[in-house]
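Visitor: Take a look at the following structure, please.
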Amino acid sequence: MYVGKKVTRVDAYDKVIGRTKYTDDLCDKSAYIARVVHSTIAHGKVVSIDTSEAEKIPGVVKVFTCFDLKEKHYFPTAGHPWSTDPSHQDVADRLVLTEEVRFYGDDIAAVVAEDEVSAAQAVRAVKVEYEEYPFVLDVQEAMKDGAPQIHEEYPNNILKHTSIRKGNYEEAIKEPGLTKIEGWYDTPTVQHCHIENFICYAEMEGGRITVVASTQIPHIVRRVVGQALGIAWGKVRIIKPYIGGGFGNKQDILYEPLCAWLCMQLGGHLVKLDVPREDTFVSNRVRHAIRSHIISWVRPDGTYAARKLEAYSDQGAYASHGHSIAAKGAGAFPQLYPCDNVEADAYTVFTNKSVAGAMRGYGIPQAMWAVECHTEDVAAKLHIDPVEFRRKNLMPVGYIDAFSKNELYDDTFNQCLDKAMEAIDYKRKFKEYQNQTGDIRRGIGVAVFWYNTAVWPISLETSSCRMVLNQDGSLQVQLGETEIGQGADTAYTQMTADVLGVPLEDVHVVSCQDTDVTPFGTGAYASRQTYTAGFSIRQTALLLKERILKYAHELTRMPPYNLDIADGSIVRTTDGRKLMTLGELSTEALYSLTNSQHLSAESTAQIKSNAYSFGCTIAEVEVDIPMCKVKLIDIVNAHDAGTLINPALAEAQVHGGMSMGIGYGMSERLIFDKKTGRALNNNLLDYKLSTFMDHPRLKAVFAENTEPTSAFGTKALGEPPACSVAPAIRNAVYQATGVGVNDAPVNPHNLFRRFTEEGLI
């Protein structure tokens, strides 16, 4: 059995020696180079574009402007499954190039040249005349009457509003003896900072266009490119090679439609569009900045009587994934700490800033920052131990969410808290760090996280798989679920090998998706990969096994129910005798003159279930009060991800999530100039991404409670570890200093302001 084993990644060797081919490695050197010309105002209209000087530069092929777009096909960019219900479709508000400027960095023109240098020079030589409009950068200011209107069809710039009501909040707060605690909690705009920037290239052959792209969602890209160009989706082919990270940025349609359009304008000539890092920060996608207001009414015994949330999500200039991020965060609020009386309102609001889309955690890092900072504040106000307060109020075993039908089957939260506390020696340190004085202090803080798995019942959840038995008895496996660096192909290999009974080395997962060949799948997002793919893998493997054993019956005369596959051979179950290898069977099947068969199987699984995936983070910090600096001393993440297909991959996923959470909690923030709307730190020098120098030894522990709705007992793993790290760090600083920093990150700027306000400096 391979499931549960620390087997080596199937792509490890090729990646280590540099053999793995990414998009840029595959593009022919004859490709024209495309660069985007971005707006230099935050809001307005392009009046004219002078391309004459740019076109004089040697090597420039053509400069295309927004005025060259004769047919305007608006398209959505969110990486969501398509819906046949128009009311459930994503907002189609983008064009490949636009004359209506809605943020500083909007796409207004594109240069195509023979080389990178000429393209870069031409971009700088393009002269643009604008009609400028007032702009708004603050999410709540954007909602006010009289604020600049970004999309006319959305009054007060509100894309959507979700309201959740349970019980009677107004009556509940009249209960005698209640303590009211409230606070505002802000999370900033951040960027994904994957190693490989977005890149794609396009060419035409036989009236069809092929786009090779670094994307998480190849089948969705095909549909959107078709929509953007106004052509049949079947005339579009998308190929996804190996990817150097995505984290949700590439769960959006970025520049694939523009690259394809440029290719078509040039008669099908090969065009490559490689986005520079500065453009990636501004003109791809960012994480939603969310401002939250929470009010809690708490009884003397430490239980909640009533709770209220207002969340304002900064969408930026276009809809992208839109309201689904804020809605997911709001949905977590009444579930994590259940209460009989709850009100929650979430607003997603347009501003003249970079477009917010999917990012690892999909609204839950923002929600956990607000909820877990607030939880710490409540425990402190009531003088209750922060861990015990959480234990008293956390979702109990047996809880069932009325909407998703998710059920908490195990005592996950207490198990994870116990494991994390033991791993970091929490009780001793918490006691030791009480009542500190002096300039240098230590603290230890806790935060839990809520998460679920995949997207049902919000949206379609489906997975298709194809398996082919090769001549030598090995297997080819194809899935629509995409490997983006997280190790999914290795997990798929392990699951396939176990169900079919073949050696691991005989399973070959075709990693690079091609929409002309690969079975349909919606891609990599929502911590869905092993959970959803597991259903189609098990289902398809069992179908193939049935066909193999049926053919083995013809060759051995043994009834199929007395046959099985073990270690790549047909065995008789009655006595364990090995009758033939799969290679021998497959060779006979393919070349038989009397009964030739191609042994393969393909199936689709639609998944109509979901699963909770919970855990916690505990962080230990050292705070230098005069210097307004925080040093992370120790950190542990405990996670119930169900059955771990590969513990080594699981640990790596947790470490990656913890690293992102450290940056989110301590240093990362994309800063916009209030006078121009321009991003001021759109590079890795000025944007303070966390590195190994900012990390202590990262610890990951697991509570492996098998998920009963899952084909292999798995549940969400990729995103949850990023969700509770930032508030755990904040809470550790609070325990050390008595000062709560409610605006992330906990960096020197915010610490100086708060320490000054509280009189520590």
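Visitor: Please identify the pairs in which a residue from segment 287-306 that is touching a residue at least 12 places away in the same chain (Cβ under 8 Å) and on the phi > 0 side of the Ramachandran plot has its Cβ atom under 7 Å from the Cβ atom of a residue that is not aliphatic (A, V, I, L, M) and not in a loop (DSSP other than H, G, I, E, B), counting only partners at least 6 apart or on another chain.
Guide: 302/389; 302/392
Visitor: Within the group 438, 485, 445, which residue is crowded, with 22+ Cβ neighbours inside 10 Å and not hydrophobic (A, V, I, L, M, F, W, C)?
Guide: Just a single option satisfies the conditions, and that option is 445.
Visitor: OK, next. Pairs, please: C-beta under 6 Å, at least 6 apart or cross-chain, first residue touching a residue at least 24 places away in the same chain (Cβ under 8 Å) and in segment 449-473, second among the charged types (D, E, K, R) and assigned to a loop (DSSP other than H, G, I, E, B)?
Guide: Cβ pairs passing all conditions: 453/715; 454/461; 454/528; 455/461; 456/608.
Visitor: Looking only at segment 91-111, decide whether some residue is farther than 30 Å from residue 333 by Cβ, of a type in the set (Phe, Trp, Tyr), out of contact with any helix residue (DSSP H, G or I) (no Cβ under 8 Å at 6 or more places or on another chain) and assigned to a loop (DSSP other than H, G, I, E, B).
Guide: So far as segment 91-111 goes, no, none of its residues is farther than 30 Å from residue 333 by Cβ, of a type in the set (Phe, Trp, Tyr), out of contact with any helix residue (DSSP H, G or I) (no Cβ under 8 Å at 6 or more places or on another chain) and assigned to a loop (DSSP other than H, G, I, E, B).
Visitor: Confirm whether residue 84 is in the same structural domain as residue 64 (by TED's automatic domain parsing), on the phi < 0 side of the Ramachandran plot and in contact with a helix residue (DSSP H, G or I) (Cβ under 7 Å, 6 or more places away or on another chain).
Guide: no
Visitor: Can you tell me how many residues within segment 657-702 are small (Gly, Ala, Ser), closer than 30 Å to residue 134 by Cβ and assigned to a strand (DSSP E or B)?
Guide: Selection size over segment 657-702: 1.
Visitor: Something else now. With respect to residue 739, determine if the residue is over 30 Å from residue 353 (Cβ atoms), surrounded by fewer than 22 Cβ atoms within 10 Å (Cβ to Cβ) and not assigned by TED's automatic domain parsing to the domain that holds residue 528.
Guide: Answer is no for this residue.
Visitor: Here's a follow-up. If you go through segment 627-656 one residue at a time, how many are free of Cβ contacts under 8 Å to residues at least 60 places away in the same chain and either part of a strand (DSSP E or B) or within 17 Å of residue 188 (Cβ to Cβ) (or both)?
Guide: Number satisfying all stated conditions: 1.
Visitor: If residue 699 passes every condition in (1) over 23 Å from the mean Cα position of the chain (by Cα); (2) surrounded by fewer than 20 Cβ atoms within 10 Å (Cβ to Cβ) but one, which one does it miss?
Guide: (1)
Visitor: Between a first residue in segment 674-690 that is at positive phi and a second residue that is at pLDDT 95 or above, which pairs have beta carbons less than 6 Å apart while being 6 or more apart in sequence or on different chains?
Guide: Note: pairs meeting the criteria are 677/42; 677/104; 677/135; 677/352.
Visitor: Is it the case that segment 511-525 has a residue that's under 21 Å from residue 13 (Cβ atoms), out of contact with any Leu (no Cβ under 6 Å at 6 or more places or on another chain) and either in contact (Cβ under 8 Å) with a residue 12 or more places away in the chain or not aromatic (Phe, Trp, Tyr) (or both)?
Guide: yes
Visitor: Return yes when residue 92 is of a type outside the set (Ser, Thr, Tyr) and in contact with a Phe, Trp or Tyr (Cβ under 6 Å, 6 or more places away or on another chain) and no when it is not.
Guide: Yes, satisfied.
Visitor: Right, residue 642: buried (at least 24 other Cβ atoms within 10 Å of the Cβ) and closer than 29 Å to residue 504 by Cβ or not?
Guide: Here the answer is yes, as residue 642 does meet what is asked.
Visitor: What is the number of the single condition among (1) within 20 Å of residue 43 (Cβ to Cβ); (2) assigned by TED's automatic domain parsing to the domain that holds residue 41 that residue 145 does not meet?
Guide: Every condition holds for residue 145 apart from (2).
Visitor: A follow-up question, please. Residue 90 fails exactly one of the following numbered conditions: (1) of a type in the set (D, E, K, R); (2) more than 30 Å from residue 522 (Cβ to Cβ); (3) touching a His at 6+ places or on another chain (Cβ under 6 Å). What is the number of that condition?
Guide: The failed condition is (2).
Visitor: How about segment 267-374: which strands (runs of 3 or more DSSP E) wholly inside it have at least 3 residues that are over 30 Å from residue 203 (Cβ atoms)?
Guide: 289-298, 304-316, 342-350
Visitor: May I pose another question? Hey, can you tell me all the residues within segment 495-511 that are out of contact with any Gly (no Cβ under 8 Å at 6 or more places or on another chain) and farther than 24 Å from residue 247 by Cβ?
Guide: 496, 497, 498, 499, 500, 504, 505, 507, 508
Visitor: Quick one: which helices (runs of 4 or more DSSP H) lie wholly within segment 378-469 and hold at least 2 residues that are basic (Lys, Arg)?
Guide: Result: 386-393, 426-432.
Visitor: Another question about this same structure. Only one of these is at pLDDT below 95 and either loosely packed, with under 15 Cβ neighbours inside 10 Å or farther than 26 Å from residue 335 by Cα (or both): 403, 430. Name it.
Guide: The match here is 403.
Visitor: Which of the residues belonging to segment 277-289 are surrounded by fewer than 21 Cβ atoms within 10 Å (Cβ to Cβ) and over 13 Å from residue 254 (Cβ atoms)?
Guide: 277, 278
Visitor: Please verify whether segment 464-482 includes one or more residues that are within 26 Å of the chain's Cα centre (by Cα), among the β-branched types (Val, Ile, Thr) and farther than 30 Å from residue 89 by Cβ.
Guide: Within segment 464-482 (the criterion being within 26 Å of the chain's Cα centre (by Cα), among the β-branched types (Val, Ile, Thr) and farther than 30 Å from residue 89 by Cβ), the answer is yes, since at least one residue qualifies.
Visitor: Given the criterion outside the structural domain of residue 726 (by TED's automatic domain parsing), among the aliphatic types (A, V, I, L, M) and either touching a His at 6+ places or on another chain (Cβ under 8 Å) or surrounded by fewer than 22 Cβ atoms within 10 Å (Cβ to Cβ) (or both), identify the matching residue among 326, 330.
Guide: Step by step, each of 326, 330 is checked, and only 326 is outside the structural domain of residue 726 (by TED's automatic domain parsing), among the aliphatic types (A, V, I, L, M) and either touching a His at 6+ places or on another chain (Cβ under 8 Å) or surrounded by fewer than 22 Cβ atoms within 10 Å (Cβ to Cβ) (or both).
Visitor: Take segment 69-88 and flag every residue that is in a loop (DSSP other than H, G, I, E, B), surrounded by fewer than 17 Cβ atoms within 10 Å (Cβ to Cβ) and not charged (D, E, K, R).
Guide: 69, 74, 83, 84 - these are the residues of segment 69-88 that are in a loop (DSSP other than H, G, I, E, B), surrounded by fewer than 17 Cβ atoms within 10 Å (Cβ to Cβ) and not charged (D, E, K, R).
The values are calculated or read from the model by the stated rules, or taken from the named source; none is laboratory data. Keep in mind it's a predicted model, so treat the numbers as computed, not measured. Note that each Cβ is placed from the backbone with ideal geometry, even for glycine, and that neighbours are counted across all protein chains shown.
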